[in-house]
Amino acid sequence: TLDGDIHVQGVRGRLRAEGTDGDLTLDDVDAQEVRAVTVDGDVSFRGEVAPGGALTLTTHDGDVQAWLPPGMEAEVEVSTFDGSFESEFPVRTRAFRAGRPLRFTLGSGGGARVVLQSFDGDIRLLSW
């Protein structure tokens, strides 16, 4: 969409949602691959990503919220320029350098790949 919100619920399989000026809400998703990108809006995801799958949530001027199941196995990359990051999952990283994405593992890793990005917004990684 160019101007408006997108709300998707109950999707199974692959999902791609793109917007320019609006929020993207993805709820009750069980997917192999999810890509949600907007320029000026919030991105919210609640669901599961299959092992070996990928979840990418990106906004330029908005917040990102990813609600993942407890016990999720994933390699995570978080990037924000002018925002904060909060996680309900334990975050353990070997090294962090300002200006670089924060990379860490959920569980033993090896599950899905999760990328959360916001240039000017907050990022929250939450458990449901």
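The values are calculated or read from the model by the stated rules, or taken from the named source; none is laboratory data. In this text, all values refer to a predicted model and were calculated from it rather than measured experimentally. All Cβ positions, even for glycine, are placed from backbone atoms using ideal geometry, and neighbour counts span all protein chains on display. Surface areas here come from the heavy atoms of the whole protein model, side chains and all, with no ligands, DNA or RNA. Shrake-Rupley method; radii C 1.70, N 1.55, O 1.52, S 1.80 Å.
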Added length on full extension, which subtracts the Cα-Cα distance from 0.36 nm per residue, Val91 to Phe119:
8.0 nm
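Once the other residues with Cβ under 9 Å from the Cβ of Thr80 are scored (Lys, Arg +1; Asp, Glu -1), what is the net sum?
-3
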How large is the accessible surface per residue of the chain, computed with a 1.4 Å probe and reported in Å² as a whole number?
53
Bridge type composition, the chain - antiparallel percent by DSSP, nearest 5:
10
